[in-house]
Amino acid sequence: MTASAAADLAIDSRGLTKRFRTQTAVDSIDLAVPRGSVFGFLGPNGSGKTTTIRMLLGLITPSDGEIRVLGERMPDKLRNVLPRVGALVEGPAFYPFLTGRANLHRFDTADRHASRRTRPERVNAALERVGLTNAASKKAGAYSLGMKQRLGIANALLSPRDLLVLDEPTNGLDPQGTREVRNLVHSFAAEGTTVFVSSHLLAEVEQMCTHAAIMSAGSIVAQGSLDELRGAGESHVRVQTPDASTAESVLARFGLLPALTSPNEAHPEVSALLPPSTELDPDRLLPALLEAGVRVRGYGIEEASLEERFVALTGEGFDVRS
Amino acid sequence: MSVPDTTVARRSSPGLDLLGSELSVLFSRRRTWAMLAAVALIPILLAVAVRLTASELDPGEGPPFLDRVTQNGLFVSFTATVVAIPLFLPLTIGVVAGDTIAGEAGLGTLRYLLVSPAGRLRLLLVKFAGAAAFCLAATLTLLVVGSLIGALLFPVGPVTLLSGETIGVAESVWRSLLVAAYVTVSLLGLCAIGLFISTLTSVPVGAMAATVLLSVVSQILGALPQLEWLHPWLFTQHWLGFAGLLSQPADLSEFGTNALMQLGYIAVFFALAYGRFATKDVLS
Ligand SMILES: Nc1ncnc2c1ncn2[C@@H]1O[C@H](COP(=O)(O)OP(=O)(O)OP(=O)(O)O)[C@@H](O)[C@H]1O
Ligand SMILES: [Mg+2]
């Protein structure tokens, strides 16, 4: 990679590794987060997302590898870098005996670059932005899960930031809150802030992000723009029809392996994976179905969703690895 | 694309805001006030008990100075200080100093302070300063409450010192402040020990208990004549040694020895705390 391309990365890690006593939680990952992107960091529970984020922020020392955040080496240049980074790491944390507003004041004093003069305004603006103005004088210990989450996001917004690192920001939020976070992320992106957001909610990443990386068992198994990630997956043909069995036999004639994907009596749906290198012209399928007398109520050729890609890459298993 | 360095434009303050914030958080906690209130109870209980018992104590009976309380209310705070030093003050200091880093780690706020970024050395310094401020608050509580309740229940006038001379009330206020300073300085070594222990764990109660335990162990060792060679090195050795401040003229030599010893403990344990904390993985 050339020097100018490297400078265009908000986060750039090479061979980043973290070993705990018995296991390698993060195994030689090369993250490349372009400046100005909204970057989704996906992975099942225990895949190493939070551990990576802790290394990016200088909370833990990598066992191996290098990190550049906003073009500067971490953790050596931590004092220059972190004032420009807002972060939510592994959920919010507060002093339960202080009010929401007092908590933000407290964290803001820790930043040596944050001006005391503008502090009240900045705190109020951050509270306003996450919709907590009315609860600002309540003790943080009395906050609900979603209110704490909002306060945690407000904490990341106390100063103008070049990079936001948000570890599962919508955890515990109600639908309005979730949508609000999505809108917030879009507005940061519009202001030119790079947003690095970890999640295991794929639909959310699909709606919010321009780029993504998928972690599995400590390694990155796929990384790139959302289109690149989806494009690498296969596409499906889906047929909604009451004549499911006829449709299946028609599709089977084309060498496909159809399956009943919606065994709902009222809305049966048959779908089949299309082979990646297309010797088969998908446009021939619909005429053939109609010709066979299949009553087609819905039909579509769909690219694999990120979810299918995710499951394909990280495995079906539900159990977390130890 | 060049990387804009926004930090050049921002002015860096010396970072005293964090100290202010630490003090205001410490002294806005109900726990802090509960401990100070408990400290204040010592001179109050002591004065009331002495007042209610009609019988005169023989000189030297009970804790030091207790026999003088009835003659002069100003001795209430000295007596209370002597009573509080072995266990009660170390208990409250242990709670505050043990909580410094471990408490933040336990709440999870440590990661947000560090990401702000507070700076690890700066955070340790601020935390130590906070604990030291609590020591001062505790000893001043003993002094102020002791003097007030003493003045309320007993006659106040010129004070007869241990050496027999008499000093005026103004001079005695000065001596009282000197004693408070001595006790505060005495406790700083324990603060540094607590700070170090606090960097070892994210369970604040454990750090508090260990700190208090160490102060008790040190006092027990200090009481064993067989370990006399060890005594000059114990941070508790001079804890009760402020009698010299109450003689005429005031004898400051033990104050000096004590201060030097506490400084040594601060240097060693602060260095240990920094060595531990500077590279520590913050996983809480
Ligand atoms: N302090 C620690 N000591 C030992 N192992 C740890 C520690 N912290 C994390 N791990 C291990 O590292 C692995 C990755 O954990 P991490 O918290 O990074 O996962 P994650 O991707 O954030 O998961 P989740 O989606 O559940 O938040 C896990 O297997 C976990 O057990
Ligand atoms: Mg996590």
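The values are calculated or read from the model by the stated rules, or taken from the named source; none is laboratory data. Just so it is clear, the model here is predicted, and its values are computed rather than measured. Here the Cβ positions follow ideal geometry from the backbone for every residue, glycine too, while neighbour counts run over all protein chains shown. For the accessible areas, the whole protein counts, side chains as well, though only heavy atoms, and no ligand, DNA or RNA atoms are used. Shrake-Rupley method; radii C 1.70, N 1.55, O 1.52, S 1.80 Å.
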When the residues of the stretch A:32-43 are narrowed to those that are closer than 19 Å to A:L16 by Cβ and within 14 Å of the chain's Cα centre (by Cα), which ends up surrounded by the fewest Cβ atoms within 10 Å (Cβ to Cβ)?
A:S37
Being crowded, with 23+ Cβ neighbours inside 10 Å and within 13 Å of ligand 2 (Cβ to nearest atom) is the requirement here; does A:F107 meet it?
no
Criterion first (away from chain A (no Cβ under 14 Å) and at pLDDT 95 or above) does B:L91 satisfy it?
yes
Taking the stretch A:13-25 and keeping residues touching a Gly at 6+ places or on another chain (Cβ under 8 Å) and more than 9 Å from ligand 1 (Cβ to nearest atom) leaves A:S13, A:R14, A:G15, A:L16, A:T17
Within the stretch A:18-31, restricting attention to residues that are within 14 Å of another protein chain (Cβ to nearest Cβ) and more than 16 Å from ligand 2 (Cβ to nearest atom), which residue is surrounded by the most Cβ atoms within 10 Å (Cβ to Cβ)?
A:R19
Going by the structure shown, is A:L57 within 16 Å of ligand 2 (Cβ to nearest atom) and either closer than 28 Å to A:A114 by Cβ or within 19 Å of the chain's Cα centre (by Cα) (or both)?
yes
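Quick check on B:A210: is it free of Cβ contacts under 8 Å to residues at least 12 places away in the same chain and small (G, A, S)?
So B:A210 fails the test.
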Matching residues, the stretch B:238-259, being open to solvent by 70 Å² or more (accessible area, probe 1.4 Å) and either under 20 Å from the mean Cα position of the chain (by Cα) or under 26 Å from B:F269 (Cα atoms) (or both)
B:L240, B:L252, B:S253, B:T257
Return the total of residues in the stretch A:162-219 being within 16 Å of ligand 1 (Cβ to nearest atom), open to solvent by 10 Å² or more (accessible area, probe 1.4 Å) and out of contact with any Asp or Glu (no Cβ under 9 Å at 6 or more places or on another chain).
4
State all residues of the stretch A:290-322 that are at pLDDT below 75, more than 16 Å from ligand 1 (Cβ to nearest atom) and assigned to a loop (DSSP other than H, G, I, E, B); if no residue qualifies, say none.
A:A304, A:S305, A:E316
Hey, among the residues in the stretch B:247-284 that are under 14 Å from B:V179 (Cα atoms), out of contact with any Ser or Thr (no Cβ under 8 Å at 6 or more places or on another chain) and in a helix (DSSP H, G or I), which one's nearest to ligand 2 (Cβ to nearest atom)?
B:A259
